[in-house]
Amino acid sequence: MTLAGKRILLIISGGIAAYKSLDLIRRLRERGAEVRPLMTRAAQEFVTPLAVGALAADHVYTDLFSREDEQDVGHIRLARDCDLICVAPATADLMARMAHGMAGDLASTVLLATNAPVLLAPAMNPAMWAHAATRRNVATLRSDGIGFIGPMAGEMAETGEAGEGRMAEPLQIVAHIEALLDDAPKPLKGKTAIVTSGPTHEPIDPVRYIANRSSGKQGHAIAASLARLGAEVTLVSGPVTLADPVGVTVVRVESAANMLDAVTAALPADIAVFVAAVADWRVATSAANKIKKKEGEGPAPLELTENPDILKTIGHHQSRPHLVVGFAAETADVVANAQAKLARKGADFIVANDVSPATGIMGGDRNRVRIVSKDGVEDWPDLSKGEVADRLAARIAKAF
Ligand code: CTP
């Protein structure tokens, strides 16, 4: 319940992305937040106040001149009785009015009267987002201290046009709100961390590559947990389909060689956690052109050569981080193998997991790990990957 007791005023303005705001209300409430909804007139053309009110389990505020609402709560209290105002979707029109301090309806009046942090999730046609007028308004709002999430690039709901203008997904907005409202202690403030995550792709030719089943879920979660504890995190990620964690610098790479370069470039650091499932081998010389099938001949042989071991390189580096953590994905003799890796790779501890297909860990959402260090073996229970990440970040913080 990361948002327990937090009061969020959700302003829904008029765009097709308003349908996603229904889900946003659920996701916020799932995390313990109280959501008070406010809709502009245009928003009510896209989703009904009935649906919004039912999901929020609260009255929906719509009208600046509603006698009942004014007597009951009033627009000034609406603006003040909250920990954060989130505008999702935020239209070009509402942003323009905010940038000019206009207060012609309930939403703009509340936004002018508030002293709570404000987060906008813009959604509009890409041409409107790119327009010079919108650029000016966004710059003004940013310098006024208004926060933004998105818009994202992708396909537009109405026209099928592609470009920047899609509203951020509800879970991305939730993660951003969690980060903004997080008042937990920051034991890793002032510390820097490098995390590797995901698989690597080792090219065979321009269209083919060698890869593995790593999803990046565990590595990304660890980067997010370290950032939540105040660390300045660089996440070096192989190709994954996950959203970038909030508050983390993400460097995207393809191959093990690229990953080593990116990790080395991020040194010095206080902490390094190597979660990536780096390919142990690459094709010795990847072909410049697509390798063609030749009738009657067998497949072209692939000569493999060993990749650099990133953990081992950094574990023995002259700028070795104070704390180096490795992972060990094993399918047998989990602890014995992890102990051997600990010494060989120069890690302070190894997070060992059994990735036999029956465990469902590879690509799944849960993990069961053992922490192997020179002090012994800790057996952790079956946890979500997010919980493993939080525990690991707390353990890292304790080491400082
Ligand atoms: N690792 C790395 N670079 C590599 C290979 C592995 O940084 N080229 C890191 C992984 O991120 C992980 C740890 O080393 O933290 C263990 O990886 P794993 O593949 O389990 O170990 P290997 O050294 O490949 O040993 P084995 O193949 O015997 O399992």
Exercise. Please report the relative contact order for the range 192-399, taking Cα pairs under 8 Å with a sequence separation of at least 6, and give it as a percent rounded to a whole number.
Key: 21 percent
Exercise. Determine ³J(HN,Hα), in whole Hz, for all residues of the range 146-151 in sequence, where each value follows from phi through the Karplus function 6.51 cos²θ - 1.76 cosθ + 1.60 and θ = phi - 60°; x replaces Gly and Pro.
Key: 7, x, 10, 10, x, x
Quiz item: Among all the aspartates and glutamates, which ones have a C-alpha under 18 Å from Lys189's C-alpha, if same-chain residues fewer than 8 places away are not counted?
Solution: Glu178, Glu232, Asp270, Asp390
Practice problem: Take the alpha-carbon centre of the range 216-236, take the same for the range 273-297, and report the distance between them in whole Å. | Solution: 30 Å
Quiz item: Which order do Leu50, Leu229 fall in if you start with the one that has the fewest other Cβ atoms within 10 Å?
Solution: Leu50, Leu229
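Would you compute, from DSSP H runs of 4+ residues alone, the mean residue ellipticity of the chain at 222 nm, taking -39500 (n - 2.57) per run and dividing by the full residue count, rounded to the nearest 500? Can you show the working numbers first?
Values: 14 runs with 132 residues, N = 400.
Using -39500 (n - 2.57) per qualifying helix, the result is -9500 deg cm²/dmol.
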Quiz item: If we count other beta carbons within 10 Å of each Cβ, what is the order of Ile177, Ile291, Ile210, Ile25, fewest first?
Solution: Ile291, Ile210, Ile25, Ile177
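Specify the longest stretch of the chain that does not include any exposed loop site, a site being one of the trypsin sites (Lys or Arg not before Pro) with a non-H, G, I, E, B DSSP assignment and at most 13 other Cβ atoms within 10 Å.
Numbers: sites that count: Arg41, Lys189, Arg213, Lys290, Lys292, Lys293, Lys294, Lys374.
The answer is 42-188.
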Practice problem: Report, in whole Å, the centroid distance computed from the Cα atoms of the range 248-268 and the range 40-83. | Solution: 47 Å
Exercise. State, as an integer percentage, the relative contact order of the chain based on alpha-carbon contacts under 8 Å between residues 6 or more apart.
Key: 11 percent
Quiz item: Once amide H atoms are placed 1.01 Å from N in the peptide plane, what residues at a sequence separation of 5 or more from Ala90, or on another chain, have their amide H within under 5 Å of its amide H?
Solution: Ala121, Ala123
Quiz item: If one computes the Cα centroid of the range 106-181 and of the range 337-365, what distance in Å separates the two points?
Solution: 41 Å
Quiz prompt | Vicinal HN-Hα couplings computed from phi for the range 91-97 (Karplus, 6.51 cos²θ - 1.76 cosθ + 1.60; Hz; Gly/Pro x) | solution = 7, 4, 5, 5, 5, 5, 5
Practice problem: About the Cα centre of the chain, how large is the charge dipole given +1 on each Lys and Arg Cβ and -1 on each Asp and Glu Cβ? Please answer in debye to the nearest 20. | Solution: 700 debye
Self-check item: Candidate aspartates and glutamates - alpha carbon under 12 Å from Lys385, same-chain residues fewer than 8 apart omitted
Solution: Asp365
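Restricting the count to DSSP beta bridges whose residues both fall in the range 192-399, what percent are antiparallel, rounded to a multiple of 5?
Working: 17 of 42 bridges.
Restricted to the range 192-399, the bridges split so that about 40 percent are antiparallel.
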Quiz item: Looking at Gly74, Gly198, Met152, which one has the Cα that reaches farthest to the positive end of the dipole of the chain (charges on Cβ: Lys, Arg +1; Asp, Glu -1)?
Solution: Gly198
Exercise. Would you mind checking the tilt of helix 217-228 against the longest principal axis of the Cα atoms of the chain, expressed as 0 to 90 degrees and rounded to 10?
Key: 60 degrees
Exercise. With both partners inside the chain, how many of the DSSP beta bridges are antiparallel, as a percent to the nearest 5?
Key: 35 percent
Exercise. Under 1.5 on a/c is rounded, so check that first for the chain, then, if it is not, pick prolate when a/b is larger than b/c and oblate when it is not; a ≥ b ≥ c are the square roots of the alpha carbon gyration tensor eigenvalues.
Key: prolate
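Where a number appears in this text, it was derived from the coordinates with a stated rule and is not lab data. From a predicted model like this one, the values you see are computed outputs, not experimental measurements. Cβ atoms come from the backbone with ideal geometry, glycine included; neighbour counts cover every protein chain shown.
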